[in-house]
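Written out below as structure tokens is the structure these notes cover.
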């Protein structure tokens, strides 16, 4: 069961619907991620794609993000995130969009400062997601897009983005991108 590691919601636990398999981001990866992002979180607009339990989005809200949008395509899982937001009293900060990522990106308003994408590792790189973030002007000029993937995967160049950092934590890798101006 994932747990929020820092901020005003620290140590709160998150659940997932029974029978649903989610792969939460490991705690040490989450802590490292938010250590890297610490100067960018306060007051930011944060987008959590392929949200799963919503742990990354709740962590951002806990650490001072002004608004967080969690996108989750599995209906029951999205409802669980909404329920957790109500229980924690952050429903004014955390919004849930229950739709597949590519459809959800057409419903969102610009511009996000931080985007975290954690799609299933077994799938292909979500190139359409990267493309839509740019086409729909969903990224602030200095935005970071963080893509969590298997450390065994070698990422190709992503059109319209510049790679600025890559971190590897065992089997998990985080790739940091900025939009090309």
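The values are calculated or read from the model by the stated rules, or taken from the named source; none is laboratory data. Keep in mind that this is a model prediction, so the values were computed, not measured. Neighbour counts are summed over all protein chains in view; Cβ atoms, including those assigned to glycine, are modelled from backbone coordinates with ideal geometry.
Assorted remarks:
- Among the residues making up the range 64-79, those that are closer than 20 Å to residue 43 by Cα and out of contact with any helix residue (DSSP H, G or I) (no Cβ under 8 Å at 6 or more places or on another chain) are 66, 67.
- Count - residues of the range 109-143 that are in a strand (DSSP E or B) and surrounded by fewer than 18 Cβ atoms within 10 Å (Cβ to Cβ): 3
- Any chance residue 153 is surrounded by 18 or more Cβ atoms within 10 Å (Cβ to Cβ) and either part of a strand (DSSP E or B) or on the phi < 0 side of the Ramachandran plot (or both): no
- Subset of the range 28-55 that is assigned to a strand (DSSP E or B) and out of contact with any helix residue (DSSP H, G or I) (no Cβ under 8 Å at 6 or more places or on another chain) - its residue that is nearest to residue 165 (Cα to Cα): 47
- Residue in the range 66-87 that is nearest to residue 106 (Cα to Cα), counting only those that are free of Cβ contacts under 8 Å to residues at least 40 places away in the same chain and not in a helix (DSSP H, G or I): 71
- Some residue of the range 134-143 being in contact with a helix residue (DSSP H, G or I) (Cβ under 6 Å, 6 or more places away or on another chain) and modelled with pLDDT of 95 or more: yes
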